[in-house]
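First comes the structure, then the notes that go with it.
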Amino acid sequence: MSRFLETLGLVKRRKSLEPAQLAIEGRPIAVSFRRHAKARRLIMRLSRDRSGVVITLPPRVGRNEALEFAKKSSRWIIERLTVEPAARPLRAGTEILIRGELRQIRHAGSRRGTITLSENAVIVAGDLAHLQRRLIDWLKVEAKRDLVKASEFYAQAMGVSFHRLSVRDQKSRWGSCTSDGILSYSWRLVLAPPFVLDYVAAHEVAHLRHMNHGRGFWRLVLSHCSEASRAKTWLKKHGAELHAYAAIR
Ligand SMILES: [Zn+2]
C-alpha cells in the first residue's frame, strides 16, 4: 500500500533506515526498518526469507526506538522463527513430503516436462529453471485428484452433494465449504499422509449437512472417519512444515 501511495505522490519517500543485526540466543537476526506514514505503532513481522524481522515505524518514531523494541521482543522473535520452520524452496537434491513419504527431488535432463515417482524420489523433467513451478503445478493436479476422490466418497457416504471443488494455496485453512456447496482445499494436503487428506475431506463434506462445528457435525464426521483425531493431531504438529515448502510469505 505504501508503495502505491508513493507512486501517487501521496506519501513522501524518506531516506531509508539502515538495517541492524541482533544476536538472539547466539543466532544472528537481521533487523530491517521501513517507515509507513499511516502506521500508528511499531509493527514487527518476520522477514520473507526468515533471516530476521522487519519493523514498520510510524512517523516520528526513530530507528533507535525501533531497535530497542526488537531487543525487548527477542523472545517473540526466536519463538516465531522456531514455530514457523524455514522456507524450503523446491530444488533438485532437496526433499519433499508427498502423501506422507519423504522423497528426494531429482531433475532429469531437458526432456519435455513429465513428472514421475520412483522409489524415494520424485523426478522432474524439463528445464531446470522451471522445476519448482512444474512440481507445484503437478502437485496441485495430484491434490485435486485425491481430493475429488475423497470428497465424492464422503459425499456419497453422508448422502450430500457438492457443486464445485477447487484447490488453492490458503494459509489459514486446510479446507472450506460454502452453503451453496462449493468446497475448496489447500493443495498442500497432498503432501500429508492420506489419512490427513481424508479427514479434511470428511470434515468439509460434513459441513454440507451441518454448517457449524456442533455435536451433530462431529458425530457425522466421526461416524465416517475414524482417524479424525489422529489427523487433527498430525496437522497441528506438522501443518507449518507443509506450508514451508515453496513458501509464499
Ligand atoms: Zn469446519
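The values are calculated or read from the model by the stated rules, or taken from the named source; none is laboratory data. Here the structure is a predicted model, which means the values were calculated and not measured. Methodologically, a virtual Cβ is constructed for each residue, glycine included, from the backbone with ideal geometry; neighbour enumeration extends over all protein chains shown.
Before moving on, here are some points about what is shown:
- Under the condition of being under 22 Å from ARG48 (Cβ atoms), surrounded by 15 or more Cβ atoms within 10 Å (Cβ to Cβ) and either within 18 Å of the chain's Cα centre (by Cα) or of a type in the set (Gly, Ala, Ser) (or both), the residues counted in region 98-131 number 0.
- Selection status of SER51, under 27 Å from HIS243 (Cα atoms), modelled with pLDDT of 85 or more and of a type in the set (Ser, Thr, Tyr): no
- Tallying residues that are surrounded by fewer than 24 Cβ atoms within 10 Å (Cβ to Cβ) and farther than 17 Å from VAL160 by Cα within region 176-190 yields 1.
- In region 218-249, the qualifying residues are those that are over 18 Å from SER172 (Cβ atoms) and within 12 Å of the ligand (Cβ to nearest atom), and the one that is farthest from the chain's Cα centre (by Cα) is LEU220.
- Members of region 200-209 that are assigned to a helix (DSSP H, G or I) and either within 11 Å of the ligand (Cβ to nearest atom) or basic (Lys, Arg) (or both): VAL200, ALA202, HIS203, GLU204, VAL205, ALA206
- Qualifying residue in region 210-217 (condition: away from the ligand (no atom under 12 Å from the Cβ) and assigned to a helix (DSSP H, G or I)): yes
- Among residues of region 161-171, those that are within 15 Å of the ligand (Cβ to nearest atom) and either crowded, with 24+ Cβ neighbours inside 10 Å or within 27 Å of VAL122 (Cβ to Cβ) (or both), counted: 1
- Residue tally, condition out of contact with any Lys or Arg (no Cβ under 6 Å at 6 or more places or on another chain) and either away from the ligand (no atom under 14 Å from the Cβ) or among the small types (Gly, Ala, Ser) (or both), over region 172-188: 8
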